[in-house]
Structure formats: structure tokens, C-alpha cells
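I'd like to ask some things about the structure below.
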Amino acid sequence: MGGLEESSKYRDEVLTMSVKMAAATGDLEWASRYEDFGPRTRPSIEDGWAIPDNSTIREEAILTVFADDKLSALENEAVEQVRQGKRSQAAALLQSQEYQDQKNAYQRGIETFTTNLRTFMENRRDENWSKVQKTVAVIGIIIPVIVLVGLIALRGGEHIYERATKKHKISAFARQWQDTFNAITDGVCIIDRNGGKIVQCNKAMTKFLKKPYDEIIGQSCCELLHGSTEPVNKCPLVRMFETRRSENMDFRMGDKWLNIKVDPLIDNEGYLVGAVHILSDITEHRKAIKALRDSENKFRLAFANAQDAIVWMESETGIITNCNKSAEKLLGKARKEIIGQHHTTLYPKGKTERHQSLLGESGSNFEAEIVRRGGEIRTVTIAVSTMFVEGKEIVQGIIRDITQRKKAEKERTELELQLGQKQKMEAIGTLAGGIAHDFNNILAAMQGYVELTLDDLSEDSPVRDNLEQIMSCTNRATKLVKQILTFSRKDQQQQEKEPLQISSIVKEVLTMLRSSLPATIKISRKIEADSSMVLGDSTQIHQVLLNLCTNASHAMRGKEGLLEVSLTDVDFESETRVGDEYIGRGSYVKLSVSDSGCGMEKEVVERIFEPFFTTKNVDEGTGLGLSVVHGIIKSHDGAITVNSTPGEGTVFDIYFPKIEGGEAREPQSSESAPREKDVILLVDDEEMMVDVTRRILERLGFDVVAKTSSIDALETFQEQPDQFDLVITDQVMPNMTGTELTKNLLSIRPDIPVILCSGFPESICPEELRSIGIKEFIMKPISTQMIAAIVRRVLEENKVTT
């Protein structure tokens, strides 16, 4: 009977612990252990009735069975709640008064039953022993004794086997319980109430605390978690001992967030004997919650502050349930005036049916009209999507006001034509720049050979006049190429820009024109920006003004007219469209040239900046004048507009960026006399250019080593770098450009002076040339006197520096 009582108590404790751990941790493994280990030990009612003359044992058996049935029902209900994720309800059920009453009833019943049964069996054994004694007296002593000993041995063996089997099962369950306990991923420890010390913990707790098992047992959780001998503020363990309910708290340990949950541990008598302390890593959970909260906040902010108007409406009824600030602004109504209205009230009469059908198509995007307060019609696009909010299907309409865009579309055709015109001019400019490059090489050779021939002829030679005419034509062609380059803006890097007052140029040009214009043309000058400064090339700005005034005088030929030139300061607070261009915010100097001439038709105005386009007679112009003007203004980061009315006149407005103050650069002087017997390395891939330049340099008294390959030139220089006093190289060459050759030469001899030549300046700027180490840049073609002066100056400057 002692084994039965011990086994029933252990089984009861194991089942109680399993179901409570399942409720505390939510681990279904504990629930499975509970189901596998059950049921509790219970007496058989039939066996109780089989015992004669002992109603007490029978009654205790019946009460114990009834208590076990109710206790098992409550625990099975708790296990089912754990499987459904209702840990808190399961824990509450196991802590209820009903559960404690049934558990106490079972424990009392099983204890009373086993005690009475043991007493009954001992009395029965005494009675049986008396009978055995009488029998022995009758039939003898030896044989009964042998039989009795055998029976006792057999009964004892059966009892030993039964106890060993039960002990093995208990040990196996204890191992399974420990394995399950250690398999829990949360850190779990059991704390004794009296000392507040940890008496048991699983492997997860050792990992959380980064301490071995032996260093944890016997310690308090405050010392291990918080490094304090006293409980922390709002300690869940202290609160649980006070309330006898589950308590929890979140806290931070290092870079992790942990959750402590403390459940009460109740003994068989209903006394609070300790606590189950569960430690969970909730870092990712908190991150997920924060991310969700941030996402919700971002959505609210995005919805409320979206630039587009957003309205929500119920899919079934079409009633508007929500809207943002942009919707209020677009509709000109307050939020309370929009919410609760049917969405068809947003549209003009007669179009509600069409919009109603389109609004039912999720993913559609259509153009519509809406009505603002006061009846104003706005054109919008509506992007439709559906979603579920609080169980209801919601249709979301994202409304974008495109009224201004629709108005702008009316101007698109004109703007596209202007853009096409601009692109055509840029293409012509690129083509002109490429042609100018080839022209410059040809003109340079022509000019060089003519100069050499003229130098060889006597003053009275009959062919000198012919050659001088060729030279004159060459000079005219050179100027034409420069105009082409100016138009194409390929020479803007070579402009001599400096701070200057446009007013002085205006006065100079108008003074010059007074003597050349007919007396029928009056000149009016209005200069308000007398001291305003711009950064520019005075020669080119002079050319712009002279060209525009000359064209104005042609427009007023044969009749009286007025030529008016004005100069004013203007400010733009934002990017502003000027003609075909947009110019940035800032201060500008506005130069205006107007006439009262014949004016121009719209078709002519659209083409006036095209190169070679002219309305003049064949012998009156080349058609490059206004093209050059356009190129110069663009190279000065300016803009030009033209307004003309047939029969009334034309106005050109030019905008130059204004600068504050500035000083003009002092011109550099140079000598033209060459230095004799200096050795020059000449490099150009055009054989004709090499030949004529070599002959000019040699005639100037220099020794020249000429090469038509940049690779050959580099090899020659590497062999004798100190032989040369100067290098003159073309820029555009195969295999190695002039700038690349210069870098290689300077890496061999850093003090060698280099002059770069080109008929096409490309993207070369003075800053880039100086950074490479190039001393001068020569634009082809160039006269003998000019090349002599430049070579002499570079050699002299190099002598001074070295």
C-alpha cells in the first residue's frame, strides 16, 4: 500500500506540473507530456464493492473517482485552451478555486482510501494467519510452513517486480521531463519563495545569462539580471507574490529587449511555494511592432499630406468615408462637408453615370471633371484601387489636378516647333564647327605658302598683286570661319572675357553709327544701367550691337525711322522663360534694340537665327549675322528674344548676367623678333601643315625637327630630350592627341615649353591647358608675324623661369 500511495502522489505532482508548465510557457510539448503520462492513479469502484463489510473504503473510492474525473476535465480543458493559444485563460483556470477544491478532494480521497485499505489488508492478514496456525496444528507443521514460505516468497517477488517497474517508468518520465524542460527556447527557472533563490533552470536560461548551471542555482534573479541585491522597481516577482497572479515586465539588457513573466507555483495544499520565472527574447517582436507602428504613422502622414487629393468611399454605397487635406483644397470644401456625401456629387451634372461605372473598376486610371465650390470645373485624373479597412471593402480614388497641364498642352505644339528649331540650329552649329576645323587647316597652309612666296618675290614682281589678292581672300575666309565658330559656340573657351560696362560699348557704337546712318533715321539712347557690369568679350558684344543696329537701319531704308537702344537692369526672382530658353533667377543687364521699320512675318522670325538665312539681296549679306549674334549671346550665358509686327517694327531684347564690380585685365606685350638657332620639335599629322610651318620657322632662324606622327615625335624626344628648346604640336592627331603627347613630354622633361595648335578648339579651356603645362594655345590659321611673336615670347619666358 505504501508503494501505491507514493506512486499516486508522484503521478499527481507530475501531471499538475506538466499542465501548469503548458499554461505558463505555451509549449505544446508539455501538453503532450501531460496526455502521455496520464491518467492519475485511482481506485476501482468495483473492487471497493467487492470488499465485504467495509462501507468506508467503498465511499472513499467513490469520492476519489469523482474528484479525479472533475480534476481531469478541468486540466483537459486547460490543455485545449493552450493548444488554441489561450495561455492566460488556461492559467486562470488552473488557479481557480474549483480546481484547487477538486485537487484537494482527490489528494484527501486517495490518501484516506490507501490508509483504510492498508488497515483492512493488515487485519485480513492477521485473520488469515490465525487460520493458518490452526491448520498447521491439524495437518502438520512442515508442509504448511513450506507452502507459506513459498507463498510469501512469491508475493514478495511480485511486489518487488511491481515496484521496480514503477520506479523505471518514473525515472524515464523524469528524464523526459528534464529533456522537455531543456528544450524550451525561453529561459525558465523555478524560484523558491522562502529564500527567493533559483532552485532549477533550463539550458536556455544559462544561454541568456551566459553563465553555467552551477553559478545560477542558489542565486537571486535580481543579482543575475540587474546586478542588484534588491528588487528593481515594479519587479514582477515581487508583484506576483503580492497578487498571486501572473505578472510580467519588459526590460533592456545590452542590445536586446527581454520579457520576464512570473507565474505562481502552488503546492498540493494550495499554498504559494514559489514561482516559475520565464525569460523571453522579444527584440525582434519589438522591432516588428515598431516597424508596424512606424509604417502606420508613415501611412497616416502620407495620406494626410499627399500632394494628390485622396478620397475613400464604401464600395457598396459609394458614400465618402475619408479624405485628406489636398482633397479639401482641391474641392474648396471643409472635410465635414465632404464626408458622408455620395461620390457622384463631385462631378458635373450629366457625367455622373460615366464616372460611376469607371469607379467600379479597380486598377483603372481615367480622366474626369470635378466641380469645386462655386461651380468651377477642374480637369483631373483619378486612379482607382480597392482595399479592405475594418472588414469593409473601400474604393480609394487618388485625384490629381491636371487643369494647368491641359492648358499647357495647347502651347505644346508651338513649343515643340521652337524646340525643333533650336535642335536644328544646334545641329547646324555642330556641322559648321566640324567644317571650320578642316577649313582652318586648309587656310593655314594657303596663308603660309602665300606668305613664303611673297617673301621670296621682289617688290616689283608682276605676280605679287595676284598673291596679295589671294592673301586678302584668305583673310576674308579666316574671318568667315571665325564667324562660323562663333555661331557654333565652339570657340567660347577662347573668348577674352573680362568685367566690362556695356554702356561704354553702346555709346561707342552709337557714336560711330551717327556718321554712317542716313539722316532720315533718328537715334535714341536710353541708358539707365550706366555702371552695370557684365563678364564678357568687348569685341564680341561690340559685334552684336553693331550687327543689330545695321539690320535695323536696313529695315528703315528709304523712309524716316527711329532706332532706339536702351540699357536697363532687370531682376528675376525665379527661373524665367526668355524666348526659346530658360534663364535662372538673378540680376541681368537688358540690352534692347528697336526700330520702326517694316517688321517681319512670323515665318521669318522663326528662321532669323538660322545660319545663311537672309531676306537681303545676294550682294548685301551672307546670312550669318544673326546666327553669330545668337552664338555670342549663348556663349555669354545670356538669352535673346525678338518681337516683330509687320509694318510696325522689330524689338530685340538681350539679357546678360550681371556681376558686381571687377577689373579689366592688362594686355600682355610681346616682342616679334625671333631668337636664332633654337631647336623646335614640330608635330602635325597634316604633311602640308608640317611642311609650310617648318619652312616658316626655318626662315625665322630656327632649327626644326618635323614629325607627322605623335608616336615618332615622342620616341625622338626620348632619345635626346635636351636637344629641343620648344615643342609645337597639333591637337587633333591619330594615336595620341596633342595634350596626351604634352603630358608624356613633360614627364620626361618637366621644363620643356609646349605650344598647342588647332583649327578646332573642341572642349579645351585655358584652365585645362595650364594644368597640363601648355604655355600657349594658337588657333589656326596664324600669320608669320604672330607665330614669330608667340614663339619668341614663350622662349623668353622659359629662359627667365629656368
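In terms of modelled amide H atoms, which long-range or inter-chain residues lie less than 5 Å from the amide H of residue 497?
Residues meeting the criterion, in which the H sits 1.01 Å from N, do not exist here.
OK, next. Based on the mean of other beta carbon atoms within 10 Å per residue, what is the order of 307-317, 222-232, most packed first?
Top of the packing list down: 307-317, 222-232.
Residues of segment 726-802: accessible area per residue at 1.4 Å, in Å²?
Accessible area per residue: 42 Å².
Given N residues in segment 556-615, what is its alpha carbon radius of gyration divided by 2.2 N^0.38 Å?
In units of the globular-protein estimate, segment 556-615 measures up at 1.46.
Ok, one more. Which pairs break 22 Å Cα to Cα here: 658/775; 20/287; 261/287?
The answer is 658/775; 20/287.
Tell me, what is a quarter of the convex hull surface for the C-alpha atoms of segment 264-324, in nm² with one decimal?
Average of the hull's projected areas for segment 264-324 equals 9.3 nm².
Now for a separate question. Mind listing the phi-derived Karplus ³J(HN,Hα) values for segment 77-83, rounded to whole Hz, using 6.51, -1.76 and 1.60 with θ = phi - 60°, and x for any glycine or proline?
Coupling constants for segment 77-83: 5, 5, 4, 5, 5, 4, 5 Hz.
Run the paramagnetic zone check for residue 743: 7 angstrom along Cα to Cβ, then residues of segment 771-786 with backbone nitrogen under 12 Å.
In segment 771-786, the label zone of residue 743 (backbone N under 12 Å from the point 7 Å along Cα→Cβ) covers 772-773.
Still on this structure, please answer the following. Roughly what would the spin-label model give for residue 243 and residue 559, points 7 Å off Cα along C-beta, in nm?
Once both label points are built, they end up 10.2 nm from each other.
When you count, for each residue, the other Cβ atoms within 10 Å and take the mean per peptide, how do 543-549, 702-708, 298-304, 438-444 rank with the highest first?
The peptides rank, most packed first, as 543-549, 438-444, 702-708, 298-304.
For residue 453 and residue 285, compute 0.36 nm times the residue count separating them, minus their Cα-Cα distance, and round to one decimal in nm.
Residue separation times 0.36 nm, minus the Cα-Cα distance, leaves 51.1 nm.
Report the one residue of 311, 274, 292 whose Cα lies farthest in the direction of the positive end of the charge dipole of segment 270-322 (charges on C-beta: Lys and Arg +1, Asp and Glu -1; origin at the Cα centre).
274
Please find the FRET efficiency linking residue 699 to residue 720, where r is the Cβ-Cβ separation and R0 is fixed at 25 Å, and quote it to the nearest 0.05.
Once the sixth-power term is evaluated, E becomes 0.55.
Per the 1.4 Å probe, what fraction of the accessible area of segment 250-402, in percent, lies on carbon and sulfur atoms?
51
With label points built 7 Å along Cα→Cβ from the Cα atoms of residue 341 and residue 415, find their separation and express it in nm.
For the pair residue 341/residue 415, the computed spacing is 3.2 nm.
In addition: Using the Karplus curve 6.51 cos²θ - 1.76 cosθ + 1.60 with θ = phi - 60°, what ³J(HN,Hα) values do you get for each residue of segment 711-725, in whole Hz, with x for Gly and Pro?
Working through the residues one at a time gives 5, 4, 4, 5, 5, 5, 5, 5, 5, 9, x, 7, 6, 9, 9 Hz.
Express in nm, to one decimal, how much length is gained between residue 119 and residue 351 on full extension, taking 0.36 nm for each residue of separation and deducting their alpha carbon distance.
Computed gain between residue 119 and residue 351 is 73.6 nm.
If you don't mind, there's one more thing I want to ask. Check residue 561: other-chain or 5+ apart residues with amide H under 5 Å from its amide H, H built from backbone geometry?
Amide H to amide H, under 5 Å and 5 or more residues apart or across chains, residue 561 pairs with 521, 522.
Which whole-Hz couplings ³J(HN,Hα) result when phi for each residue of segment 679-688 is put into the Karplus expression 6.51 cos²θ - 1.76 cosθ + 1.60, θ = phi - 60°, listed in order with x for Gly and Pro?
Couplings: 9, 10, 8, 9, 10, 7, 6, 8, 4, 5 Hz.
Can you compute the modelled spin-label distance between residue 193 and residue 771, with each label point 7 Å from Cα toward Cβ, in nm?
About 8.3 nm, to one decimal.
Now for a different question. Extent of segment 222-326 along each principal axis, from alpha carbon coordinates, in Å, largest to smallest?
65, 35, 20
Taking 0.36 nm per residue of separation and subtracting the Cα-Cα distance, what length does fully extending residue 797 through residue 366 add?
Once the chain is fully extended between residue 797 and residue 366, it gains 147.8 nm.
Would you mind estimating how fast segment 189-283 diffuses translationally, via Stokes-Einstein at 20 °C and 1.002 mPa s with the Kirkwood radius over Cα pairs, in µm²/s?
159
Sticking with this structure for a sec: Apply 1/(1 + (r/R0)^6) to the Cβ-Cβ distance of residue 575 and residue 35, taking R0 = 56 Å, and write down the FRET efficiency to the nearest 0.05.
Step by step, r from the Cβ atoms, then E = 0.10.
What are the residues whose amide H is under 5 Å from the amide H of residue 309, where those residues sit 5 or more places off or on another chain and H is modelled from the backbone?
399, 401
The values are calculated or read from the model by the stated rules, or taken from the named source; none is laboratory data. In this text the structure is predicted, and so the values were computed from the model without any measurement. Cβ sites come from the backbone with ideal geometry, for glycine too, and all protein chains shown count toward neighbours. To get the accessible areas, we keep the full protein, side chains included, count just its heavy atoms, and leave off ligands, DNA and RNA. Shrake-Rupley method; radii C 1.70, N 1.55, O 1.52, S 1.80 Å.
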